[in-house]
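**Student:** Submitted below is the structure of interest, expressed as structure tokens.
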Amino acid sequence: MSASGGTKAIVAALGANLAIAVAKFVAFAFSGSSSMLAEGVHSVADSGNQALLLLGGKKARRKASEEHPFGYGRERYIYGFLVSIVLFTIGGVFALYEGYEKIAEPHELDNWYWPIGVLVFAIIAEGFSFRTAIKESDELRGQQSWRSFIRTAKAPELPVVLLEDFGALVGLVLALGGVGLTLATGDGIWDGIGTMCIGALLVLIALVLAAETKSLLLGEAAGPEQVARIREAAADGESVLGVIHMRTLHLGPEELLVAAKISVRHDDTAAQVARAIDEAEARIRAAVPIARVIYLEPDIYSEAAAAAGEDPAATPGGPGA
């Protein structure tokens, strides 16, 4: 997995969640807190999710084959989508069920210091994991807002870890609140309410992740800045006069397919056109290194040809425009 895949953030989250899961189950065994049980299952689900992301990154590195000529880069999207399903079913739905059971049959907590101590430890550990994910994401986020970064990131790992860690921290605070109110009032219903809130939060995060990874699975184009750089690089004004129309598609987070119809001079020889295409491909790869699969079709520019391509982004001011 490449650096942009956020391997460091995934490993940090995996280590933190495994340690936290063990601590939460111990706390549940001694206290009977449903919040602790829900949080323990949540941490196990998160650990499984990080393992899935690492597995997806490994599978995505396989070389292209005759059956899959464009490679396996989308494996990372598939495993990112699986993470959202696991988070929804095992994390969110289970927590909602446990919360309902605790509200229906509330009981006081035993050995209250166990859940309190574990929650404080878990908040510290999750905070470390979240800090690592933020640091890794900042290198890619640039000037984008966090909301924009999560919506537009082509590598699914960092948004997944960010949302998981954020949800885990908020969930821990909710669990701490539920346990604290149960201790203060002597009414176990607050522990159940805290658990229900955790479940609702996890379901919401899972739905957001599912929507974003579904878009990646369907196939997303390059970002506007990359498209602009590709267009600028393709046309040199001499051998390639302009881009008539173009399509881009992410084959994976770090692999982009570019297909374009380019305008060449009507009196160029076949050798000149072939050389112009080779040079245009080299310029595109230099401008956007992830553009690894490029297909350029030469043509004589005309307004009718551009219209037939149904591309509203046809080069403005180009030949014949």
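The values are calculated or read from the model by the stated rules, or taken from the named source; none is laboratory data. All figures in this text were calculated on a predicted structure; none of them were measured in a lab. Glycine gets a Cβ as well: all are built from the backbone with ideal geometry, and neighbour counts include every protein chain shown.
**Student:** Taking the residues in region 53-93 that are of a type in the set (S, T, N, Q) and surrounded by fewer than 18 Cβ atoms within 10 Å (Cβ to Cβ) as candidates, determine which candidate is nearest to Ala200 (Cα to Cα). Before the answer, list the steps.
**Tutor:** Start the filter on region 53-93 by keeping residues that are of a type in the set (S, T, N, Q), which leaves 65, 84, 89.
Checking the rest, the ones that are also surrounded by fewer than 18 Cβ atoms within 10 Å (Cβ to Cβ) come to 65, 89.
Numbers: Ser65: 43, Thr89: 12 Å.
Filtering region 53-93 for residues that are of a type in the set (S, T, N, Q) and surrounded by fewer than 18 Cβ atoms within 10 Å (Cβ to Cβ), the one nearest to Ala200 (Cα to Cα) comes out as Thr89.
**Student:** Of all the residues that make up region 65-92, how many are at pLDDT below 85 and over 19 Å from Pro159 (Cβ atoms)?
**Tutor:** The total comes to 2.
**Student:** Which of the residues spanning region 274-292 are part of a helix (DSSP H, G or I) and either charged (D, E, K, R) or more than 23 Å from Ala228 (Cα to Cα) (or both)? Before the answer, list the steps.
**Tutor:** Here is the first cut: in region 274-292, the residues part of a helix (DSSP H, G or I) are 274-287.
Answer for region 274-292, where residues must be part of a helix (DSSP H, G or I) and either charged (D, E, K, R) or more than 23 Å from Ala228 (Cα to Cα) (or both): Ala274, Arg275, Asp278, Glu279, Glu281, Arg283, Arg285.
**Student:** When both residues are 6+ apart or on different chains and their Cβ atoms are under 8 Å apart, which pairs have a first residue that lies in region 193-222 and is assigned by TED's automatic domain parsing to the domain that holds Glu39, and a second that is in a helix (DSSP H, G or I) and basic (Lys, Arg)?
**Tutor:** Thr195/Lys102; Glu212/Arg151
**Student:** Please go through (1) hydroxyl-bearing (Ser, Thr, Tyr); (2) part of a helix (DSSP H, G or I); (3) surrounded by fewer than 16 Cβ atoms within 10 Å (Cβ to Cβ) for Ser43 and return the number of the only condition it doesn't satisfy.
**Tutor:** Among (1) hydroxyl-bearing (Ser, Thr, Tyr); (2) part of a helix (DSSP H, G or I); (3) surrounded by fewer than 16 Cβ atoms within 10 Å (Cβ to Cβ), Ser43 violates only (3).
**Student:** Could you check region 10-20 and list, in sequence order, the residues that are crowded, with 24+ Cβ neighbours inside 10 Å and more than 22 Å from Val179 (Cβ to Cβ)? Step through it out loud before you land on a result.
**Tutor:** Going residue by residue through region 10-20, those that are crowded, with 24+ Cβ neighbours inside 10 Å are 10, 13, 16-17, 20.
Answer for region 10-20, where residues must be crowded, with 24+ Cβ neighbours inside 10 Å and more than 22 Å from Val179 (Cβ to Cβ): Ile10, Ala13.
**Student:** Working only within region 175-187, note down all residues that are touching a residue at least 60 places away in the same chain (Cβ under 8 Å) and either among the β-branched types (Val, Ile, Thr) or crowded, with 21+ Cβ neighbours inside 10 Å (or both).
**Tutor:** Ala175, Gly178, Val179, Thr182
**Student:** Another one. I'd like the full set of residues that are of a type in the set (Gly, Ala, Ser) and surrounded by fewer than 18 Cβ atoms within 10 Å (Cβ to Cβ), limited to region 240-262.
**Tutor:** We begin by selecting, within region 240-262, every residue of a type in the set (Gly, Ala, Ser); these are 242, 252, 259-260.
Hit for region 240-262 is Ala259, nothing else.
**Student:** Same structure again: Could you check region 122-138 and list, in sequence order, the residues that are surrounded by 17 or more Cβ atoms within 10 Å (Cβ to Cβ) and of a type in the set (Gly, Ala, Ser)?
**Tutor:** Passing the criteria: Ala122, Ala125, Ser129, Ala133, Ser137.
**Student:** If you don't mind, another one. Filter region 94-113 down to the residues that are touching a Gly at 6+ places or on another chain (Cβ under 7 Å) and either not in a helix (DSSP H, G or I) or not assigned by TED's automatic domain parsing to the domain that holds Val44 (or both), then identify the one that is surrounded by the fewest Cβ atoms within 10 Å (Cβ to Cβ).
**Tutor:** Here the answer is Asp110.
**Student:** Now, a different point. Can you find, within region 286-315, the residue that is nearest to the chain's Cα centre (by Cα) among those that are modelled with pLDDT of 60 or more, surrounded by fewer than 20 Cβ atoms within 10 Å (Cβ to Cβ) and of a type in the set (Gly, Ala, Ser)?
**Tutor:** Step by step, filter region 286-315, then rank; the result is Ala287.
**Student:** What residue, among those in region 21-40 that are touching a His at 6+ places or on another chain (Cβ under 9 Å) and part of a helix (DSSP H, G or I), is surrounded by the fewest Cβ atoms within 10 Å (Cβ to Cβ)?
**Tutor:** Residues of region 21-40 that are touching a His at 6+ places or on another chain (Cβ under 9 Å), as a first pass: 21, 24, 32.
Those left that are additionally part of a helix (DSSP H, G or I): 21, 24.
On the way: Ala21: 20, Lys24: 30.
Filtering region 21-40 for residues that are touching a His at 6+ places or on another chain (Cβ under 9 Å) and part of a helix (DSSP H, G or I), the one surrounded by the fewest Cβ atoms within 10 Å (Cβ to Cβ) comes out as Ala21.
**Student:** Does at least one position in region 157-177 carry a residue that is among the aliphatic types (A, V, I, L, M), modelled with pLDDT under 85, within 10 Å of the chain's Cα centre (by Cα) and not in a helix (DSSP H, G or I)?
**Tutor:** No, every residue in region 157-177 fails to be among the aliphatic types (A, V, I, L, M), modelled with pLDDT under 85, within 10 Å of the chain's Cα centre (by Cα) and not in a helix (DSSP H, G or I).
**Student:** Now for a different question. Between Arg265, Arg275, Arg283, Arg229, which is out of contact with any Phe, Trp or Tyr (no Cβ under 7 Å at 6 or more places or on another chain), surrounded by 14 or more Cβ atoms within 10 Å (Cβ to Cβ) and more than 30 Å from Tyr77 (Cβ to Cβ)? Steps first, answer last, please.
**Tutor:** Details: Arg275 fails: surrounded by 14 or more Cβ atoms within 10 Å (Cβ to Cβ); Arg283 fails: more than 30 Å from Tyr77 (Cβ to Cβ); Arg229 fails: more than 30 Å from Tyr77 (Cβ to Cβ).
The match here is Arg265.
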